[in-house]
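First the structure, in the form of structure tokens, and then the observations on it.
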Amino acid sequence: MIWRKAVRILSERRQKRRPLRTCVACREKRDQRELMRITASKDGVVTLDSQQKLPGRGAYICYRQECVEKAKKRDLLRRALKCSVPEEIWGIIDCTVADVSSPGKGLTRRMPEGMVCMADIERKGSESVDRQEE
Ligand SMILES: [Zn+2]
């Protein structure tokens, strides 16, 4: 019984930390962790924010091929971020979606750290980013 209570407290606490975000393509509201966050810094550098902690303007998109396609076709990320999204970032998004939707990985799982592409990490590496640890 005690154990069950502990589980309930834990899940309640988890719920509180779940902000909902809207996918730019399908406009569905989802748990932030079920979405990719793409950010644009003040200098217009677009990155896939795998930790969801980067400052700057952010846009969210599902880990779904159809949403990515739609966003690409209609230029939805550029509109949301107010700056253009380089081909390279689309490549990263594509490979992330392919990876996440491959068998054995749940869609709702949070992206493991460092899973995203090297181009993203290299670019960010030199910048100093204020990271707020939870
Ligand atoms: Zn979507």
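The values are calculated or read from the model by the stated rules, or taken from the named source; none is laboratory data. Bear in mind that the values here come from a model prediction, so they are computed numbers and not experimental data. Every residue, glycine as well, gets a Cβ built from its backbone with ideal geometry; the counts of neighbours run over all protein chains shown.
Evaluated against (1) surrounded by 13 or more Cβ atoms within 10 Å (Cβ to Cβ); (2) modelled with pLDDT of 95 or more; (3) away from the ligand (no atom under 13 Å from the Cβ), Asp94 falls short on exactly one condition, (2).
Check whether at least one residue in the range 119-127 is outside any loop (DSSP other than H, G, I, E, B), among the β-branched types (Val, Ile, Thr) and at pLDDT below 60, and report yes or no.
Step one: of the range 119-127, the residues outside any loop (DSSP other than H, G, I, E, B) are 119-125.
After this cut, where a residue has to be among the β-branched types (Val, Ile, Thr) as well, the list is 121.
Retained after the next criterion (residues that are at pLDDT below 60): 121.
Within the range 119-127 (the criterion being outside any loop (DSSP other than H, G, I, E, B), among the β-branched types (Val, Ile, Thr) and at pLDDT below 60), the answer is yes, since at least one residue qualifies.
Selection of the range 12-30 for residues being at pLDDT 95 or above and acidic (Asp, Glu) yields only Glu28.
Please list, ordered by residue number, the strands (runs of 3 or more DSSP E) wholly in the range 19-79 having 2 or more residues that are within 14 Å of the ligand (Cβ to nearest atom) and among the hydrophobic types (A, V, I, L, M, F, W, C).
Values: elements: 20-22, 29-31, 35-40, 46-48, 57-62.
Once the strands (runs of 3 or more DSSP E) in the range 19-79 are filtered for at least 2 residues that are within 14 Å of the ligand (Cβ to nearest atom) and among the hydrophobic types (A, V, I, L, M, F, W, C), what remains is 35-40, 57-62.
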